[in-house]
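All of the numbers you see were taken from the coordinates with simple rules; none came from a lab. Keep in mind that what you see is a predicted model, and the values were worked out from it rather than measured. All Cβ positions, glycine included, derive from the backbone under ideal geometry; neighbour counts span all protein chains shown.
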Amino acid sequence: MSASLSKKKTARYRHNLPQLKGGLFLTDAGQETDLIFNKGIPIKAFAAHTLLPDEQGRAALTDYYNGFLALAHKANTGFILDGQTWKAHPHWADDLEQTLDEIKTANQASIDYIAQLRDVWDNGQQEIVLNASLGPRGDAYAPDYQITVKEAEDYHAQQISWLAETPVDMITAMTFTQPEEAVGAIRAAQKAKLPIAVSFTVETNGLLPTGQSLADAIDQVDRETSNQAIYFMINCAHPDHFPPSLSSRDLSNSNLKKMNWATRIKGIRCNASRMSHAELDNCRTLDAGNPTELGQQYKEIYSRMPWLNIFGGCCGSDLRHLTEITRSILSPTSF
């Protein structure tokens, strides 16, 4: 599909995001791991946008998304529909053997593609938000170096400018590991007038890979951007790896006043596996964990953090896991 098609549509919710008003929203799960390990679909350099030009790859993506959109339809929830843009930025150009023009086209074609999916599933009642996933510069599991705010702003501005030309509603900085990079991405998004959420990942000890606490990272980002992130999320970490403070039963009482950072977290997309990032990086088989157990863990988290309203999965998870998660957090009579 021609990238120019993206300019023929306008964003539907960019200035009025429905998930900010409450209500339950689902996302998809571990797209790359599901397609590679469960469906036998190879993905070059773990970059899902490379599937779109290929007939078999595009069909696999459509089948994948249709399952989650059908689940949201059945559960009567909203849905945040991600584009395949996590690695569609210049850092990966050499690995992907793509030029900058080709990467730009991939970003815009990705949003065109999910816009078409949205239109197919649009029933006029359930909101489907088009989201572009913004990956970090470098390895999400092992940051290559400490990036400055200015470097991050300049770097991410390029991909964000491409996305601003599409009908995407918002972007989410996914698997970010450094608050400075998040601040830079937010500033770039502000200039492009695109709403942005930030999703950090943590290690098995509940800390960012840099050793910083999640609380300090969120507080730093909010302080340096005047709370311009629309919300925060946690992704690519098992619930057992969440910071101990988020496991406290005191989250629902007066102690919450001391943890304003926790209320800024609106969504979670957990790994199915308890493995560390280093172990996952070197794993040649898929650890899908236990979907039923994961669903119960989401229920427990939701009971402590009732302000959460965005639920999905990450590495190792698939439609089975999200189905169990949805069953666990919804009342039995509604699903």
- prompt: Using Cα pairs under 8 angstrom and six or more residues apart, how large is the relative contact order of region 25-330, in percent?
  reply: 18
- request: Run the dipole for region 25-330 about the Cα centre, Lys and Arg Cβ at +1, Asp and Glu Cβ at -1, nothing else charged, and hand back the magnitude in debye, nearest 20.
  value: 1060
- line: Diffing region 233-244: the Karplus 3J(HN,Hα) column from phi (6.51, -1.76, 1.60, θ = phi - 60°), in whole Hz with x for Gly and Pro, holds 9, 10, 9, 6, 8, 6, x, 5, 9, 5, x, x
query: Highest GNM mean-square fluctuation, the chain, Cα pairs closer than 10 Å: which of 47, 182, 272?
result: 47
statement: Computed from the beta carbon distance with a Förster radius of 41 Å, FRET efficiency for residue 46 and residue 125 to the nearest 0.05 stands at 0.70
field: Part-to-part distance (alpha-carbon centres) for region 59-128 and region 258-274, which is given in Å
entry: 23
message: Please list, by residue number, everything in region 188-224 whose backbone N is under 17 Å from a paramagnetic label point 7 Å out along Cα→Cβ of residue 154.
response: 188-189
- request: Within region 158-199, report the trypsin sites (Lys or Arg not before Pro) that DSSP leaves as loop and that have at most 15 other Cβ atoms within 10 Å.
  value: 193
- prompt: In nm, what is the difference between 0.36 nm times the number of residues separating residue 279 and residue 39 and their Cα-Cα distance?
  reply: 84.2 nm
- prompt: Taking region 143-233, which chymotrypsin sites (Phe, Trp or Tyr not before Pro) meet the DSSP loop condition and have no more than 13 other C-beta atoms within 10 Å?
  reply: 145
task: For every helix of n ≥ 4 consecutive DSSP H residues, a contribution of -39,500 (n - 2.57) applies; sum these over the chain, divide by its total residues, and give [θ] at 222 nm rounded to the nearest 500 deg cm²/dmol.
output: -11500 deg cm²/dmol
- request: Rank 305, 174, 259 by mean-square fluctuation in a GNM of the chain with C-alpha springs under 10 angstrom and give only the top-ranked residue.
  value: 259
